[in-house]
C-alpha cells in the first residue's frame with residue numbers, strides 16, 4: 001500500500017461553501033483534477049483487487065465509448081462508500097468494494113462514473129464554476145459600490161442594502177451551481193443504466209446502492225434541504241430509475257458464481273488489511289466456513305498472529321485452489337515474516353508464474369525478497385525482477401527503493417542513485433529526486449539511457465510552477 005499526492009482560490013472556496021466535498025453517501029464528481037491533486041490520497045496497490053476492478057470496468061468503458069480514452073482506475077484506501085472522477089482517472093474507495101455485497105453493485109458505481117466521463121461533465125462543470133465565480137464577484141462589487149455610496153451619503157439603509165446584494169448574489173450563484181450539478185448527476189445515473197443494458201447486466205445494484213444511502217440518511221436523523229445538495233436525494237434517484245431498471249430484460253440477471261467468489265475474496269482481503277482485527281468475521285458471519293472467510297482469516301493471522309499458523313492456514317487454501325497466484329503470494333509474504341526467505345522465493349515465483357495479466361507488483365515483491373537474501377546470484381535476479389516489475393508499475397516507489405538497495409549492494413553507485421531519484425520522483429519529492437538525478441548523471445555516460453532519464457527528472461517542472 002502506498003500513498004500518492006494527487007492536489008486555494010475563490011472557486012475552491014465556492015466549492016467548499018457549496019458543500020461539494022465528496023460525501024460518504026454520494027457518488028462524487030470532482031470539479032477538476034487539481035482538486036484531487038492538492039491533497040494526499042492514500043492509494044491502494046494490489047494485483048488481485050486491481051485485476052478484478054479492471055474486469056468490472058472494461059465492458060462498461062466499451063459501452064460508454066471510452067476504451068481509447070486512457071481511463072485509469074485508482075483504488076483509494078478509505079472505508080467510506082464513495083467514488084469520483086478527476087481528469088481521466090476514476091477513483092474508487094476500498095470501502096465501496098467492501099460494502100458492495102455483489103459485483104453488480106460496484107459495477108453500477110463504475111457505470112455512473114463512466115457516465116460523467118463520457119458526458120464531458122468535468123469540462124462543463126469548470127464552465128459553470130467560472131460562471132458562478134463571475135456572478136459572485138459581480139455581486140460582491142455591486143454590494144461594495146452600494147456600501148460606499150451609503151457611507152458617502154450617510155445612508156445606513158443603503159449600506160445595509162449593499163451587504164444584502166453581495167450576500168444574495170453569492171447565494172444565487174451557489175444555488176445555480178448546485179442545481180446544475182444535480183442535473184449532471186441525474187444524467188450520469190441514466191447513462192449508467194444505458195451502459196448496463198448494453199453489457200447485459202442488471203441495474204438492481206444501482207438501486208441497492210441508493211437504498212443504502214437513503215437508509216443511512218434516515219438513520220442519521222438529518223433534515224436535508226434538497227436545494228442545498230450537490231446530488232439528488234437517494235429516494236429521488238430510486239424513483240427516477242426503478243421503472244427503467246425493472247423494464248430491462250436483464251433485471252433478474254445475477255452475477256456469475258465465479259465472479260461473485262472473486263468479489264468476496266477481494267472484500268475479505270480489504271477487510272483484513274484495512275478494517276481492523278475481527279472485520280472479516282463480521283463481514284462473513286453468515287458464512288464463516290466459506291473460502292473468502294478462510295482467506296481473510298489467513299491474512300489476519302499473517303498480520304496479527306503467528307507466522308507458522310498463518311502458513312498452515314494458507315497451505316489449506318492452496319490445497320483447495322493449487323493454481324491461485326494470490327494464495328502463493330500470501331504464503332511467500334508469510335515465509336518472509338517467518339525468516340524463511342529461500343522458501344519465500346519459491347512461493348513468490350509460483351505466484352508470478354500463475355498470475356494472468358499485469359504481474360508488475362508481484363515481480364516487485366519477488367525482487368524485494370531476493371534482495372533480502374543478498375547473495376550475488378540473488379541480487380542479479382532481484383535487479384531483473386525489479387526492473388521488469390517497475391516497467392509495468394513505474395509509480396511503485398518502494399520498488400525503486402529496493403532496486404536502489406540491490407544496485408548499492410552490487411556496487412553500482414550510479415544506478416543506485418538513479419533508482420533513488422526515481423523513488424523520490426514517484427513519491428512527489430521532486431527536489432530530492434533532482435538532487436539524486438544530478439548525482440547519478442555525473443557517473444553515467446553522456447547520452448546513455450540512464451543519463452537521459454536523469455536529465456528528464458532534472459528538467460521536470462511541477463504543475464503550477
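Could you give the nm distance between label points at residue 258 and residue 287, where each point is 7 Å from its Cα heading toward the beta carbon?
Once both label points are built, they end up 1.7 nm from each other.
Going by how many other Cβ atoms sit within 10 Å of their own, how do 456, 243 line up, fewest first?
Numbers: 456 11, 243 8.
Ranked by crowding around the Cβ, least crowded first: 243, 456.
Using a Debye calculation, one point per C-alpha and no hydration shell, please list log10 I(q)/I(0) for the range 416-465 at q = 0.24 Å⁻¹ in order.
Taken in order of the listed q values, log10 I(q)/I(0) reads -0.77.
Rounded to whole Å, give me the distance from the Cα center of the range 343-376 to that of the range 260-322.
22 Å
Going by how many other beta carbons lie within 10 Å of each one, how would you line up 328, 277, fewest first?
Numbers: 328 26, 277 11.
Going from least to most buried by this count: 277, 328.
Simple spin-label model, 7 Å along Cα-to-Cβ: residue 346 to residue 456 in nm?
4.0 nm
How are the Cα pair distances of the range 360-465 distributed, in percent, across 10 Å bins from 0?
Taking every Cα pair in the range 360-465, the percentages come to 18, 46, 31, 5, 0.
If you average 1/r across every pair of different Cα atoms in the range 251-407 and take the reciprocal, what Kirkwood value do you get, in Å?
On the way: mean 1/r = 0.0608 Å⁻¹.
After inverting the mean inverse Cα-Cα distance, the result is 16.4 Å.
Values quoted throughout were computed directly from the atomic coordinates according to the rules given, and no laboratory measurement underlies them. Please read all numbers here as calculations on a predicted model, not as lab measurements. Methodologically, a virtual Cβ is constructed for each residue, glycine included, from the backbone with ideal geometry; neighbour enumeration extends over all protein chains shown.
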